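The values are calculated or read from the model by the stated rules, or taken from the named source; none is laboratory data. What you see is a predicted model; the values in this text were computed from it and never measured. For neighbour counting, all protein chains shown are included, and Cβ atoms are generated from backbone atoms with ideal geometry for every residue, glycine included. Protein only, heavy atoms only, side chains kept; ligands, DNA and RNA dropped before computing areas. Shrake-Rupley method; radii C 1.70, N 1.55, O 1.52, S 1.80 Å.
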Amino acid sequence: MTKGRSAADAQRGQADRTGVLLVNLGTPDAPTAAAVRRYLKEFLSDPRVVEVPRPLWWVFLRLVVLPFRARKSASGYRTIWTERGSPLLTATEDLHDLLVRKTGWNDRIQVEVAMRYGNPSIPAKLEAMRGKIDTLIVLPLYPQYSAATTGSAFDAVSAVLQSWRRVPGVHLIGAYHREPGYLQAIASRIRAFWQERGRPERLLFSFHGLPRRCVELGDPYAAQCQETARRVADRLGLAESGWQLVYQSRFGRAEWLQPDCLEVLRELPKQGVRRVDVVCPGFAVDCLETLEEIAIRNRDEFLQAGGVEYRYIPALNASPEHADLLAGLIERYLPRPEAEDDPVPTCETMATHGDPSATV
C-alpha cells in the first residue's frame, strides 16, 4: 500500500478480480462398474435429485439401485468413452478453452470448469479461487432451470462458501432458455444439419425427464422446455405437425412428465412418420444420455418399430456460437470499473441473476 493512502483508497484503486465457474452435471472417472458406482452414489444421494424420505431411499439405493444400475451404466459408458475420457468432461473443457480464447479475458477473470458430481469437483475449483476473487459468477450449463440441476449446483457452491471468511459477491445465472443467442444457436445447428442431410418428417425436441410432482411443487422446468421448443420451431418455420416435444430417461415408478420419448418413437411409424430427427436442447454438450440412450438405443427402438431413418442432431458442444452465447451471459455480470467517487462496499452481497422468469 502506498504510504499516506487510506484503506478505502487502496481498495478503490485495486481492480476487482472475478471468478467464473462453469458447472456441468458430472461423470465417472472411468467406464468401470466401481467408478460408476461411486459416481451414482454421490449423484443419487443428493436430496434435490431424489425427493423421497432418506432412510427408505438409502436402503433401496444401496441394496437395489447401485448394484444393478452401476453395471448397466458402465456398459453404456464404455460404448461412448474416448481416448481422452468422458465426452461430457472433455467437451465441457473444450468449450471452456474456446470461451477463454475468444474472449481474451485477462488475469482478472479466472474461468474454471467444475462438475456437480465427480471430478473436477466444485469444492476443488472454488478452493483454487479462494482469496483471489472479489466476485464469483456461477453459470450452470443447464439452459432450463430445475431444482435438481441448477438448484443443486447452487447448493454445492453455497456449502463451500459457508466456510470462507470473506465471501465474494455471488451471481447465479439461473437459466437461459429463451436467450436469443441460445435459441439462434440451436436453430442454426438444426438448419445446418438439414442443409447437409435433408429434412425429416418430424423433429423431436427431447428434454431430460422430471417427475411431475416437481412441477406441481413449483419447478419451472416444464414450462421453460416448452418455451424453448416452441421458439426454436418458430425460428425454423416449422408447422405444428412438423415437430413435437418429448421427455426422456424416466426412472422409477413415479409419474413423469409426458409424452415419453421412447413411447412416441414406438408409435410414430404406426402414424406414418418414418423419418425422424431428435435434438436435445437441454444439454450444453453431448454425454451418455445423448450419445448412448438417444443416439443408439432409441434409434434401435424406432427402427424396430418400423421407422426408416432416425438421426440425432448433436449438442452445441464447443462451437463458436456456444462460446459467444456463454460470453454474453457472463459479461452482463462482470464488475464495472469503479469511479473515483464510488462508495467503497462495506460488506459482500449475494444475488441471483438471469432472465426475470428464470431467476432462482
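Being among the aromatic types (Phe, Trp, Tyr) and in a strand (DSSP E or B) is the filter; apply it to region 195-242 and report the residue that is surrounded by the fewest Cβ atoms within 10 Å (Cβ to Cβ). Please lay out each step first, then the result.
Taking region 195-242 first, the residues among the aromatic types (Phe, Trp, Tyr) are 205, 207, 221.
Next, only the ones that are in a strand (DSSP E or B) stay: 205, 207.
On the way: PHE205: 24, PHE207: 26.
Looking at residues that are among the aromatic types (Phe, Trp, Tyr) and in a strand (DSSP E or B), I get PHE205.
Could you check how many residues of region 30-41 are buried (at least 17 other Cβ atoms within 10 Å of the Cβ) and outside any loop (DSSP other than H, G, I, E, B)? Talk me through it step by step, then tell me what you get.
As a first pass, look at region 30-41 and keep what is buried (at least 17 other Cβ atoms within 10 Å of the Cβ): 30-31, 33, 35-40.
Cutting the leftovers down to outside any loop (DSSP other than H, G, I, E, B) gives us 33, 35-40.
Total satisfying the criteria: 7.
Would you mind stating whether SER163 is part of a helix (DSSP H, G or I), open to solvent by 10 Å² or more (accessible area, probe 1.4 Å) and without any contact (Cβ under 8 Å) to a residue 12 or more places away in the chain?
Numbers: part of a helix (DSSP H, G or I): no; open to solvent by 10 Å² or more (accessible area, probe 1.4 Å): yes; without any contact (Cβ under 8 Å) to a residue 12 or more places away in the chain: yes.
Against the criterion (part of a helix (DSSP H, G or I), open to solvent by 10 Å² or more (accessible area, probe 1.4 Å) and without any contact (Cβ under 8 Å) to a residue 12 or more places away in the chain), SER163 does not qualify.
ASP46 - would you say it is at pLDDT below 95, in contact with a helix residue (DSSP H, G or I) (Cβ under 7 Å, 6 or more places away or on another chain), farther than 25 Å from ALA323 by Cα and among the acidic types (Asp, Glu)? Spell out how you get there, then give the answer.
Values: at pLDDT below 95: yes; in contact with a helix residue (DSSP H, G or I) (Cβ under 7 Å, 6 or more places away or on another chain): yes; farther than 25 Å from ALA323 by Cα: yes; among the acidic types (Asp, Glu): yes.
Taking the combined requirement at face value, the residue satisfies it.
Give region 53-98 a look and list any residue that's out of contact with any strand residue (DSSP E or B) (no Cβ under 8 Å at 6 or more places or on another chain), of a type in the set (A, V, I, L, M) and surrounded by 13 or more Cβ atoms within 10 Å (Cβ to Cβ), or say none.
Residues satisfying the conditions are LEU61, VAL65, LEU66, ALA70, ALA74, ILE80, ALA91, LEU98.
Can you name the residue in region 101-158 that is aromatic (Phe, Trp, Tyr) and touching a helix residue (DSSP H, G or I) at 6+ places or on another chain (Cβ under 9 Å) and, of all such residues, is surrounded by the fewest Cβ atoms within 10 Å (Cβ to Cβ)? Give the steps one after another, and end with the answer.
The first filter runs over region 101-158 and keeps only residues aromatic (Phe, Trp, Tyr), leaving 105, 117, 142, 145, 154.
Next, from what is left, pick out any that are touching a helix residue (DSSP H, G or I) at 6+ places or on another chain (Cβ under 9 Å): 105, 117, 142, 145.
Details: TRP105: 18, TYR117: 23, TYR142: 28, TYR145: 26.
Result: TRP105.
Any chance region 174-190 includes a residue that's under 25 Å from PRO28 (Cβ atoms), free of Cβ contacts under 8 Å to residues at least 60 places away in the same chain and hydrophobic (A, V, I, L, M, F, W, C)?
Here is the first cut: in region 174-190, the residues under 25 Å from PRO28 (Cβ atoms) are none.
Looking for residues that are under 25 Å from PRO28 (Cβ atoms), free of Cβ contacts under 8 Å to residues at least 60 places away in the same chain and hydrophobic (A, V, I, L, M, F, W, C), one finds none in region 174-190, hence no.
Under 25 Å from LEU325 (Cβ atoms) and modelled with pLDDT under 95: does that describe ASP97?
On the way: under 25 Å from LEU325 (Cβ atoms): yes; modelled with pLDDT under 95: no.
Spelling it out, it is not the case that ASP97 is under 25 Å from LEU325 (Cβ atoms) and modelled with pLDDT under 95.
Just wondering, is there one or more residues in region 312-324 that are on the phi > 0 side of the Ramachandran plot and at pLDDT 50 or above?
Restricting attention to region 312-324, the residues satisfying the condition of being on the phi > 0 side of the Ramachandran plot are 317.
With at pLDDT 50 or above added as a condition, the list becomes 317.
Yes, the conditions are met somewhere in region 312-324.
Could you tell me which numbered condition TYR312 fails, if it satisfies all but one of (1) aromatic (Phe, Trp, Tyr); (2) in contact with a helix residue (DSSP H, G or I) (Cβ under 7 Å, 6 or more places away or on another chain); (3) in a loop (DSSP other than H, G, I, E, B)?
TYR312 satisfies all of (1) aromatic (Phe, Trp, Tyr); (2) in contact with a helix residue (DSSP H, G or I) (Cβ under 7 Å, 6 or more places away or on another chain); (3) in a loop (DSSP other than H, G, I, E, B) except (3).
Any residue at all in region 124-145 that's part of a helix (DSSP H, G or I), without any contact (Cβ under 8 Å) to a residue 60 or more places away in the chain and of a type in the set (A, V, I, L, M, F, W, C)? Before you say what the answer is, go through the steps one by one.
Taking region 124-145 and keeping what is part of a helix (DSSP H, G or I), we get 124-129.
Imposing the further condition that a residue be without any contact (Cβ under 8 Å) to a residue 60 or more places away in the chain reduces the set to 124, 127-128.
Then keep just the ones that are of a type in the set (A, V, I, L, M, F, W, C); that gives 124, 128.
Yes, some residue in region 124-145 is part of a helix (DSSP H, G or I), without any contact (Cβ under 8 Å) to a residue 60 or more places away in the chain and of a type in the set (A, V, I, L, M, F, W, C).
For VAL308, work out the one condition from (1) over 14 Å from the mean Cα position of the chain (by Cα); (2) buried (at least 19 other Cβ atoms within 10 Å of the Cβ) it doesn't fulfil.
Exception for VAL308: condition (2).
Across region 52-75, what is the number of residues that are over 19 Å from THR27 (Cα atoms) and in contact (Cβ under 8 Å) with a residue 40 or more places away in the chain?
At the first step, the residues of region 52-75 found to be over 19 Å from THR27 (Cα atoms) are 52-60, 62-64.
Keeping just the survivors that are in contact (Cβ under 8 Å) with a residue 40 or more places away in the chain gives none.
Selection size over region 52-75: 0.
THR27: in contact with a Pro (Cβ under 9 Å, 6 or more places away or on another chain), under 30 Å from ARG332 (Cα atoms) and open to solvent by less than 10 Å² (accessible area, probe 1.4 Å), yes or no? I'd like the intermediate steps shown before the answer.
On the way: in contact with a Pro (Cβ under 9 Å, 6 or more places away or on another chain): yes; under 30 Å from ARG332 (Cα atoms): yes; open to solvent by less than 10 Å² (accessible area, probe 1.4 Å): yes.
Considered against the rule, which asks whether it is in contact with a Pro (Cβ under 9 Å, 6 or more places away or on another chain), under 30 Å from ARG332 (Cα atoms) and open to solvent by less than 10 Å² (accessible area, probe 1.4 Å), THR27 comes out as yes.
Which of the residues that make up region 265-299 are among the hydrophobic types (A, V, I, L, M, F, W, C), assigned to a helix (DSSP H, G or I) and either open to solvent by less than 20 Å² (accessible area, probe 1.4 Å) or over 23 Å from ARG191 (Cβ atoms) (or both)?
Residues of region 265-299 that are among the hydrophobic types (A, V, I, L, M, F, W, C), as a first pass: 265, 268, 273, 276, 278-280, 283-285, 287-288, 291, 294-296.
Filter once more, keeping what is assigned to a helix (DSSP H, G or I): 265, 268, 288, 291, 294-296.
Residues satisfying the conditions are LEU265, LEU268, LEU288, ILE294, ILE296.
Among LEU204, LEU217, which is the only one that is free of Cβ contacts under 8 Å to residues at least 12 places away in the same chain and of a type in the set (A, V, I, L, M, F, W, C)? Steps first, answer last, please.
On the way: LEU204 fails: free of Cβ contacts under 8 Å to residues at least 12 places away in the same chain.
Unique residue meeting the criteria: LEU217.
TYR247 fails exactly one of the following numbered conditions: (1) within 15 Å of GLY209 (Cα to Cα); (2) out of contact with any Gly (no Cβ under 9 Å at 6 or more places or on another chain); (3) outside any loop (DSSP other than H, G, I, E, B). What is the number of that condition?
(2)
Can you say whether THR346 is assigned to a strand (DSSP E or B), at pLDDT below 95 and not small (Gly, Ala, Ser), as far as the supplied structure shows? Let's see the steps before the verdict.
On the way: assigned to a strand (DSSP E or B): no; at pLDDT below 95: yes; not small (Gly, Ala, Ser): yes.
Judged against the criteria, THR346 is not a match.
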